[in-house]
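The values are calculated or read from the model by the stated rules, or taken from the named source; none is laboratory data. Keep in mind it's a predicted model, so treat the numbers as computed, not measured. No Cβ is skipped: glycine too gets one built from the backbone with ideal geometry, and neighbour counts run over all protein chains shown. Ligands, DNA and RNA are stripped out before the accessible areas are found, and what is left, the full protein with its side chains, is counted by its heavy atoms. Shrake-Rupley method; radii C 1.70, N 1.55, O 1.52, S 1.80 Å.
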Amino acid sequence: MPLKSSSSVQSFIGSEVECPYDSAQVVILPIPYEATTTYRKGCEKGPEAILTASDQLEYYDVELKWEVIHSVSVYTNSPIADTRSRSVAPEIMLQEAKTAVSRCIADGKFVIALGGEHAITTGIVSAYREAFDEPFTVVQIDAHGDLRYEYDGSIHNHACVMRRIWEMGLPILPVGIRSICQEEAALIHDKNIPVLWADEIANNPHWIEDAIAQIPTKNVFITIDLDGLDPTLMPGVGTPQPGGLDWYGLLRFLRRILETHRAIGCDVVELAPISDSVVSEFTAAKLVYKLIGYYALSQGWQIKTNSIKSNGL
């Protein structure tokens, strides 16, 4: 069954550059699922907020020096596992995510999923694990370890997502971590899970190359919990923690990963919009656009153009 879009879905970066699914190279997959958030709620509104904010982005990428959207065909899918209008059991969410991503993989699309809570990543990654014969590493940008076996009575809580992925037998690389429990600390120690701690990153100018050196596979899946960024830059998250990654450090890291490894897919999760501010959703939208640009660069899709979209600002 083909993936679907509808006229009510805001296209990423604007309807004037939208393309049909069949000709798309990149698929934006909104998954506005929220069921286990335990502090500040609202991440089910994250995907729509990112898509709305993306309409304010300039086409021209100052760093990459070209209008990325004219080099890449992007399709925005209709939301799946949408808890804004119905209750969705975690097992249903995981299956819907896996089914949608599996279809995209079969059709040769690069998927950027938008959450919603971090629990969606389990379903997404399971689709790649089933589809790929080659191993891949899940690079996790996050404030939290998310390695608990269960939390608040659920093994599919957002605090358990990386435990579920680790149990799939996949290597993981948590980056920017600065909040864990004793159970997670013991697992990290006992299983020798490599972690790039936020305080170590702050004091190590070579942290990016150190992180890259700890990725044991050519293929990577990148999951970005937006609380991995410092809350001064990204206040609109459910569980903010001080001391996160800065904007340019994060971008350098992501670009370097895509230069040295083959990215098979990614997600951006846990945006919980703030009612009187658009800073977080605009930053998240720009991050998604940067990911598209870095992926296009890694695929050799760069086309330099001179025109610049203007929003009259």
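Might you check whether a residue that is surrounded by fewer than 24 Cβ atoms within 10 Å (Cβ to Cβ) and within 17 Å of the chain's Cα centre (by Cα) occurs anywhere in segment 85-93?
no
Within segment 168-202, can you find the residues that are within 19 Å of R256 (Cβ to Cβ) and part of a loop (DSSP other than H, G, I, E, B)?
Scanning segment 168-202 gives P171, P194, V195.
Quick one: is T223 of a type in the set (V, I, T), crowded, with 23+ Cβ neighbours inside 10 Å and either free of Cβ contacts under 8 Å to residues at least 12 places away in the same chain or touching a Cys at 6+ places or on another chain (Cβ under 8 Å) (or both)?
The answer is yes for T223.
So which residues in segment 129-160 are out of contact with any strand residue (DSSP E or B) (no Cβ under 6 Å at 6 or more places or on another chain) and touching a residue at least 60 places away in the same chain (Cβ under 8 Å)?
Matches in segment 129-160: F132, P135, D146, Y151, D152, S154, H156, H158.
Would it be correct to say that V237 is farther than 20 Å from P194 by Cβ, touching a His at 6+ places or on another chain (Cβ under 8 Å), open to solvent by less than 10 Å² (accessible area, probe 1.4 Å) and not charged (D, E, K, R)?
no
Would you confirm whether any residue within segment 208-228 is within 27 Å of A49 (Cα to Cα), acidic (D, E) and touching a Pro at 6+ places or on another chain (Cβ under 7 Å)?
Yes, segment 208-228 has at least one match.
Of all residues being open to solvent by less than 30 Å² (accessible area, probe 1.4 Å) and among the polar types (S, T, N, Q) in segment 41-72, which is nearest to E281 (Cα to Cα)? Just the residue, please.
Step by step, filter segment 41-72, then rank; the result is S54.
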